């Protein structure tokens with residue numbers, strides 16, 4: 001009996017320096033049947049770097065539309081019943097981490113998982129300990145996306161939208177500890193001032209989704 005197909009979806013905006021490490025890990029995971037990068041209007045070589053991996057399907061968006069829209073495009077393009085969402089700027093990700101996220105859904109133990117950083121960096125560990133539902137590392141069955149409200153307009157608020165959807169359906173995602181995994185901070189990518197401004201925009205996009213939970 002053949003197993004269900006799994007598609008990995010990686011939304012990316014100006015991640016030329018970081019995305020290759022994530023994609024190399026995904027290419028080495030035997031349970032993953034399809035890898036999709038949604039290049040969300042990047043101004044750098046993100047799309048070209050992703051296209052350098054033969055297993056990766058790159059979807060180029062001419063303008064930046066936000067993380068929610070990128071995930072929606074990726075999900076609609078995926079040929080799989082199980083979807084893996086991963087950020088493009090992860091540090092320390094391994095094949096084992098990805099398998100730990102996928103296997104509980106593949107095995108029928110749960111319909112969704114969410115990855116929680118632990119032991120990577122204090123800043124990212126604390127953020128996810130306080131609000132694990134904001135993690136961008138998750139696996140879920142495609143059927144759980146049915147009826148998600150305005151996901152394409154939610155930008156960084158997409159994690160709250162997914163949390164709301166699962167809560168509405170009575171589904172509790174299994175938390176999977178991603179030991180020694182973290183991600184590149186915005187201040188590291190953009191410099192202190194621009195990175196802080198980008199972080200504040202991200203927080204605002206998340207906060208404005210809270211009333212809809």
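The values are calculated or read from the model by the stated rules, or taken from the named source; none is laboratory data. Because the structure is a prediction, the values reported are computed rather than measured. All Cβ positions, even for glycine, are placed from backbone atoms using ideal geometry, and neighbour counts span all protein chains on display.
Observations, loosely collected:
- Search result, residues across the stretch 48-65 that are surrounded by fewer than 22 Cβ atoms within 10 Å (Cβ to Cβ) and in contact with a strand residue (DSSP E or B) (Cβ under 7 Å, 6 or more places away or on another chain): 51, 55, 56, 57, 58, 59, 60, 61, 64, 65
- Hits in the stretch 105-120 - residues which are surrounded by fewer than 18 Cβ atoms within 10 Å (Cβ to Cβ) and closer than 21 Å to residue 143 by Cα: 106, 107, 108, 109, 110
Condition check ((1) surrounded by 23 or more Cβ atoms within 10 Å (Cβ to Cβ); (2) without any contact (Cβ under 8 Å) to a residue 40 or more places away in the chain; (3) out of contact with any strand residue (DSSP E or B) (no Cβ under 7 Å at 6 or more places or on another chain)) across all residues:
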{"residue": "11", "(1), (2), (3)": "yes, no, no"}
{"residue": "15", "(1), (2), (3)": "yes, no, yes"}
{"residue": "21", "(1), (2), (3)": "no, no, yes"}
{"residue": "46", "(1), (2), (3)": "yes, no, no"}
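- Of all the numbered requirements in (1) touching a strand residue (DSSP E or B) at 6+ places or on another chain (Cβ under 7 Å); (2) farther than 25 Å from residue 176 by Cα, residue 88 misses one, and that requirement is (2).
- Residue satisfying all of: in the stretch 118-140; in contact with a helix residue (DSSP H, G or I) (Cβ under 8 Å, 6 or more places away or on another chain) and more than 18 Å from residue 29 (Cβ to Cβ); modelled with the highest pLDDT among these: 118
- Qualifying position, being closer than 24 Å to residue 162 by Cα and more than 16 Å from the chain's Cα centre (by Cα), among 103, 16, 76: 103
- Candidates 115, 147 - the one that is closer than 19 Å to residue 72 by Cβ and either over 17 Å from the mean Cα position of the chain (by Cα) or modelled with pLDDT of 85 or more (or both): 147
- When restricted to residues that are over 13 Å from residue 14 (Cβ atoms) and surrounded by 21 or more Cβ atoms within 10 Å (Cβ to Cβ), the stretch 68-77 contains 5.
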